[in-house]
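A.B. asks: Quick one: this structure, given as structure tokens, is what I'll be asking you about.
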Amino acid sequence: MNREKLDMWIISAREYNEDPVIMSFLPSPMITARRRTILVFFKKEDGTIERLCLSRPGTGLDNIYKGVWTNPKGSNWNQFKKIMPGDISLEKKETDPPETQWECLGRVIRERDPKTIGINYSEGIAFADGLTHTEYENFKKNIDPVYKDRIKSAERLVMGWLEKRTKDEMAAYTGIMQIAHGIIAEAFSSRVIHPGVTTNTDVVWWMRQRVNDLGLQAWFPYEVSIFREGCEKVGDNEVILPGDILHCDFGLMYLGLATDTQENAYVLKIDEVEAPAGIQAAHTLGNKLQNILAAEYVEGRSGNEILAKALAKVKSEGINPCIYTHPIGYHGHGAGPAVGMYGVQGSIPDIRGDYELHNDTCYSMELNITTKIPEWSNREIMLGLETDIVFTDNRVYFLGGG
């Protein structure tokens, strides 16, 4: 809030139509907002943040936020007091007039007189656009006219809140990525794939079932693709054969954090003990691109700046790249600077490309190279790689071994 010069931040959401950011402020057992949940964060003169909840008590927030809706219209307040006995923040004065939830919000704003008020609307960032039309209309109707000119988008504040990883989260992320790497390693092993029998669709369904068996969640449909010598394109539900290159796109959710990983494997022919040199060289070239990109992650640089510097470097070394790296965290395609897009290898002309890099943030380093395989009659293939990284202490670390 200091960085974005906001005195007050208001989040309002209704049950089953939650603002994407609100769940990160609710204890996990709540699962959803309760009826209408309104949270208000106010920066006081001493710099501390006042955390207010404008909802009925007893919903699981009373020990986290200060309840300020103390005299709801049309309710039996004594029943609420029985739910949370002795909670001073919930005590009402006999002179307090009954008020609606929105009237309470108007009063809270009036009492604190913020100079700037952030609400969640955004053209460019979906998870910063969570204030619905109805909530916005009710909000405008119930605040004093003087405050309407003080409203601004909280999109950069939402980005900053969602992208920031705690030390515990960064420590956990390595283990989460190790799980992801382990599932892919097993999926691409002889425990799952029987060449000549198993299809790429079989492997996709094995991954889905494995994630389910572990009590984890998938956040997008998985893919397993086949590149084959002499074939321009191999589709889905095709039998895997010796000599194939396999490629997967795989991601899971665990402990509220997402992973996004692309890896490749080669299916040995009967007379081979390792992949052909040209295929190994292609993978090494992809790893080189990853290292070059990692070196351009510098605190304060925008996503557009990182992309431009990385592309200039790799192209000078004769690599044919495509970079489309995205933030990751509470969402698979998360909050923070975008470094290129699959169809845009130049500046992204909105907040996603202009937003700057901050410490203690995580990214899915997603990219590909186009290169020729000498052993496949110099056929050109596009080899995709993706692994998750953390940027902390002003440098990149590859999570779970990269």
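A.B. asks: Can you tell me which residue within the stretch 181-202, out of those that are in contact with a helix residue (DSSP H, G or I) (Cβ under 7 Å, 6 or more places away or on another chain) and under 14 Å from GLN262 (Cα atoms), is surrounded by the most Cβ atoms within 10 Å (Cβ to Cβ)? Please lay out each step first, then the result.
C.D. replies: Initial filter on the stretch 181-202 (in contact with a helix residue (DSSP H, G or I) (Cβ under 7 Å, 6 or more places away or on another chain)): 181, 183, 187, 192-193.
Adding the requirement that they be under 14 Å from GLN262 (Cα atoms) leaves 181, 183, 187.
On the way: HIS181: 20, ILE183: 21, ALA187: 23.
Only one residue fits best here, namely ALA187.
A.B. asks: Assess whether ILE226 counts as being buried (at least 16 other Cβ atoms within 10 Å of the Cβ) and either under 30 Å from GLU356 (Cβ atoms) or in contact with a Leu (Cβ under 9 Å, 6 or more places away or on another chain) (or both).
C.D. replies: Details: buried (at least 16 other Cβ atoms within 10 Å of the Cβ): yes; either under 30 Å from GLU356 (Cβ atoms) or in contact with a Leu (Cβ under 9 Å, 6 or more places away or on another chain) (or both): yes.
Taking the combined requirement at face value, the residue satisfies it.
A.B. asks: Please go through the stretch 1-55 and give me each residue that is surrounded by fewer than 21 Cβ atoms within 10 Å (Cβ to Cβ), of a type in the set (D, E, K, R) and outside any strand (DSSP E or B), ordered by number.
C.D. replies: Of everything in the stretch 1-55, those that are surrounded by fewer than 21 Cβ atoms within 10 Å (Cβ to Cβ), of a type in the set (D, E, K, R) and outside any strand (DSSP E or B) turn out to be ARG3, GLU4, LYS5, ASP7, GLU15, GLU18, ARG34, ARG35, LYS44, GLU45, ASP46.
A.B. asks: Let me ask something else. Looking at ILE143, ILE193, which is the one that is touching a Leu at 6+ places or on another chain (Cβ under 9 Å) and under 30 Å from GLU99 (Cβ atoms)?
C.D. replies: Of the residues listed, the single one that is touching a Leu at 6+ places or on another chain (Cβ under 9 Å) and under 30 Å from GLU99 (Cβ atoms) is ILE143.
A.B. asks: Consider LYS148 against the criteria (1) touching a helix residue (DSSP H, G or I) at 6+ places or on another chain (Cβ under 7 Å); (2) surrounded by fewer than 19 Cβ atoms within 10 Å (Cβ to Cβ); (3) modelled with pLDDT of 95 or more: it satisfies all of them except one. Which criterion is unmet?
C.D. replies: (3)
A.B. asks: Go over the candidates GLY67, GLY74, GLY47 one by one and state the one that is of a type outside the set (Phe, Trp, Tyr) and modelled with pLDDT under 90.
C.D. replies: Of GLY67, GLY74, GLY47, the one residue that is of a type outside the set (Phe, Trp, Tyr) and modelled with pLDDT under 90 is GLY74.
A.B. asks: Does the stretch 255-308 hold any residues that are out of contact with any Pro (no Cβ under 7 Å at 6 or more places or on another chain) and of a type in the set (Ser, Thr, Tyr), and which are they?
C.D. replies: Once the filter is applied, which keeps residues that are out of contact with any Pro (no Cβ under 7 Å at 6 or more places or on another chain) and of a type in the set (Ser, Thr, Tyr), the stretch 255-308 yields THR259, THR261, TYR266, THR284, TYR297.
The values are calculated or read from the model by the stated rules, or taken from the named source; none is laboratory data. Keep in mind the model is a prediction, meaning the values are calculated, not measured. Reconstructed Cβ throughout: ideal geometry from the backbone, glycine too, with neighbour counts over all protein chains shown.
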